[in-house]
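Values in this text are rule-based calculations from the coordinates and carry no lab data. Note that this is a predicted model, so its numbers are computed, not measured. Backbone-built Cβ (ideal geometry, glycine too); neighbour counts: all protein chains shown.
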């Protein structure tokens, strides 16, 4: 395989994983916000930890999906997917809040990178392969 073909496939798989992971993260956050608005049963001091969990689930699924499409180098493709998702989260957080980078941002970074790399490893080691 030529380097150009490998790079094109890698970019396509990472982009697919980022879109899927971001969509899952947003849907989970939307569901949590609906629960808060409708019932108010969710304590607001738990929100940062819930968003961290949702980011981990979205990053894992994004890394999983990108590794399934790429079919090799799961930890690398998953980590790159998590890095792109993390950059999007940091940019959107900087737009919304004036806090800047905090310790919790480092937790988000670690969580997103580890979860997406783990998702990439699991995605590569699955039996069936997905073609897109």
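Key figures for this structure:
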read-out: Cα-based Rg of the range 3-124 normalised by 2.2 N^0.38 Å, two decimals; value: 1.11
read-out: Extended-chain gain in nm, criterion 0.36 nm per residue less alpha-carbon gap, residue 125 and residue 90; value: 9.6 nm
read-out: Spin-label pair residue 45/residue 19, simplified geometry with 7 Å Cα→Cβ offset, distance in nm; value: 4.2
read-out: Using distinct alpha-carbon pairs, which all enter the 1/r mean, Kirkwood radius of the range 15-62 in Å; value: 11.0
read-out: For 76, 55, 118, order by how many other beta-carbon atoms lie within 10 Å, fewest first; value: 76, 118, 55
